[in-house]
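The values are calculated or read from the model by the stated rules, or taken from the named source; none is laboratory data. This structure is a prediction, so every number in the text was calculated from the model and none was measured. Positions of Cβ are backbone-derived with ideal geometry, glycine not excepted, and every protein chain shown enters the neighbour counts. Just the protein is used for accessible areas: all its heavy atoms, side chains included, with ligands, DNA and RNA removed. Shrake-Rupley method; radii C 1.70, N 1.55, O 1.52, S 1.80 Å.
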Amino acid sequence: MRVAIVVARFNDFVTDRLLVGAQAALRDAGINESDVEVFRVPGAFEIPMAAQRAAETGRFNAVVCLGCLIRGATPHFEYIASACAHGITAAAASTGVPMSFGVLTTNSAEEALERAAPGPSNKGRESADAAVEMARLFAHLGDARS
Ligand code: DLZ
């Protein structure tokens, strides 16, 4: 099992904690650190492009997408959140590689930090768990066409 993690640098005081949670979940799932690659992108808007390119290499069974959008005074929040969610959905559909959505959309930094706190409800951890579960499901389903 090889996993790519695409993580946004924007709001890295939160996304770094999501990354730690995701890496811990992958370790707990028995995946070697050497089978996990981390790719950093500027912000949530760039996550789908990097996730798609990572999946297209054929090297990964799953892609974990991590980011943090904090609602501000501008409409950017809505546009970026929507582009990110739709982009990840489209990238997973077009590549056939499962991608999980570990992108926080919160009203405040406090809310974001709560969801990135260490422990079982860290959203990076939950996102990595979901990606591994989907990769295992896809492996189990196989492909009768090949
Ligand atoms: C521009 C922007 C804004 C306003 N807010 C966020 C945010 O809360 N979280 C995030 O990950 N990225 C944000 N960005 C940056 C965009 O995602 C993107 O990186 C830039 O618009 C450059 O394309």
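At-a-glance table
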read-out	value
Scan of the range 64-100 for residues that are away from the ligand (no atom under 14 Å from the Cβ), among the polar types (S, T, N, Q) and free of Cβ contacts under 8 Å to residues at least 12 places away in the same chain, ordered by number	89
Residue selected from the range 1-55 under the condition closer than 23 Å to residue 72 by Cβ and of a type in the set (D, E, K, R), by the criterion nearest to the ligand (Cβ to nearest atom)	46
Number of positions in the range 109-146 that are more than 15 Å from residue 97 (Cβ to Cβ), hydrophobic (A, V, I, L, M, F, W, C) and open to solvent by less than 50 Å² (accessible area, probe 1.4 Å)	4
Scan of the range 52-69 for residues that are of a type in the set (A, V, I, L, M, F, W, C) and closer than 18 Å to residue 133 by Cα, ordered by number	55, 60, 62, 63, 64, 65, 66
Residues satisfying the stated conditions in the range 106-145, i.e. closer than 24 Å to residue 38 by Cβ and polar (S, T, N, Q)	106, 121, 122, 127
Among (1) more than 13 Å from the chain's Cα centre (by Cα); (2) more than 19 Å from residue 85 (Cβ to Cβ) - the single one residue 122 does not satisfy	(1)
Scope the range 47-100; condition surrounded by fewer than 23 Cβ atoms within 10 Å (Cβ to Cβ), among the polar types (S, T, N, Q) and modelled with pLDDT of 95 or more; matching residues	52, 57, 61, 82, 89, 94, 95
